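S.K.: Please read through the structure below; I'll follow up with questions.
The values are calculated or read from the model by the stated rules, or taken from the named source; none is laboratory data. Fair warning: this is a prediction, and the values are worked out from it, not measured in the lab. Glycine also receives a Cβ, built like all others from the backbone with ideal geometry; neighbour counts cover every protein chain displayed. For the accessible areas, the whole protein counts, side chains as well, though only heavy atoms, and no ligand, DNA or RNA atoms are used. Shrake-Rupley method; radii C 1.70, N 1.55, O 1.52, S 1.80 Å.
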Amino acid sequence: MLRKPVYIVLCFLVPLSVFCQHFLQKEQKAGDPKLVYTRISAGTALSFYSNNNLHSGNTRPGPAFYGNVSEEIRMYKDIFFVGGIEYQHSAMSFNSYYFTPGYQPLYNGHYNCNYNLALQEGRLNLLLRYTGGDELRNPFSAYAEMGYILRYFINTKMKVTDDANGKNLFNGNTQADFIGKTLGNNFSSGLKINVGVQHNLLKTHRAWFLQIGFMYGLAQFNIHEIFTPTALNIKSSYAQLGLGYKF
């Protein structure tokens with residue numbers, strides 16, 4: 001179930017999208033290029049994780065995918081503001097301790113349990129886009145985007161197994177909190193850069209595009225249960241490859 005902050009973000013973005021589509025376009029003159037476009041994209045992602053090596057080891061990324069819906073607003077001839085929401089599902093594994101509740105924790109360096117995480121993350125993208133080439137006249141053009149990302153964990157599932165006998169020690173939802181001061185621990189920040197090539201459909205002013213991007217997370221997140229180490233901190237960044245449509 002989505003938490004309250006996600007509804008707040010959606011309640012902000014939906015009216016913004018309606019405003020952009022129905023009011024800003026009224027300002028354009030006949031024959032001028034559109035002021036507002038909608039962009040949808042989806043694709044795969046490659047994860048980069050870094051754990052606290054005093055409490056864990058053997059970190060492995062798992063499969064990841066994402067989807068994005070954005071509004072592109074023309075600010076100047078070749079410069080656009082791109083704001084939108086993004087969903088990403090990713091996975092990771094690592095080895096760490098499992099401290100049986102009621103027993104004294106022993107940090108002996110033997111990470112004899114396997115942790116598997118499935119992360120669902122929502123993001124608010126606030127980017128500036130520069131376009132190289134005339135999208136209304138050239139069949140192909142390139143572009144670059146960069147800007148700020150607001151991150152939020154929608155849900156985190158975790159499974160813990162004993163490497164010695166394969167016994168299932170935990171399987172369910174867990175709490176993942178960002179370490180920082182961006183709207184409390186529920187949110188965090190990131191920086192993002194995208195580059196892409198666009199196939200422009202000159203008659204309709206629509207386009208297909210292929211895009212590669214990188215999102216750098218500015219804060220670690222922490223997994224904390226009664227059986228986990230006290231500082232199970234994880235740093236995360238992602239590379240994305242996606243296909244999209246602009247209309």
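S.K.: How many residues does the range 110-128 hold that are within 12 Å of Asp162 (Cα to Cα) and either open to solvent by less than 10 Å² (accessible area, probe 1.4 Å) or under 15 Å from the mean Cα position of the chain (by Cα) (or both)?
M.R.: 2
S.K.: Select, from Tyr66, Tyr103, Tyr76, Tyr107, the only residue that is among the aromatic types (Phe, Trp, Tyr), modelled with pLDDT of 95 or more and either in a loop (DSSP other than H, G, I, E, B) or within 23 Å of the chain's Cα centre (by Cα) (or both).
M.R.: Being among the aromatic types (Phe, Trp, Tyr), modelled with pLDDT of 95 or more and either in a loop (DSSP other than H, G, I, E, B) or within 23 Å of the chain's Cα centre (by Cα) (or both) holds for just one of Tyr66, Tyr103, Tyr76, Tyr107, which is Tyr66.
S.K.: Taking into account only those residues within the range 50-63 that are more than 11 Å from Tyr115 (Cβ to Cβ) and within 19 Å of the chain's Cα centre (by Cα), which is least open to solvent (accessible area, probe 1.4 Å)?
M.R.: Ranking the qualifying residues of the range 50-63, first place goes to Gly62.
S.K.: Say whether the condition of being among the charged types (D, E, K, R) and open to solvent by 50 Å² or more (accessible area, probe 1.4 Å) is met by at least one residue in the range 129-145.
M.R.: Scanning the range 129-145 turns up at least one residue that is among the charged types (D, E, K, R) and open to solvent by 50 Å² or more (accessible area, probe 1.4 Å).
S.K.: Would the range 183-193 turn up any residue that is surrounded by fewer than 14 Cβ atoms within 10 Å (Cβ to Cβ) and either on the phi > 0 side of the Ramachandran plot or in contact (Cβ under 8 Å) with a residue 60 or more places away in the chain (or both)?
M.R.: yes
S.K.: I would also like to ask the following. When you scan the range 217-239, how many residues do you find that are outside any loop (DSSP other than H, G, I, E, B), surrounded by fewer than 20 Cβ atoms within 10 Å (Cβ to Cβ) and in contact with a Ser or Thr (Cβ under 7 Å, 6 or more places away or on another chain)?
M.R.: 1
S.K.: May I ask you to verify whether Thr228 is closer than 23 Å to Phe99 by Cβ and either of a type in the set (S, T, N, Q) or touching a Phe, Trp or Tyr at 6+ places or on another chain (Cβ under 6 Å) (or both)?
M.R.: Yes, satisfied.
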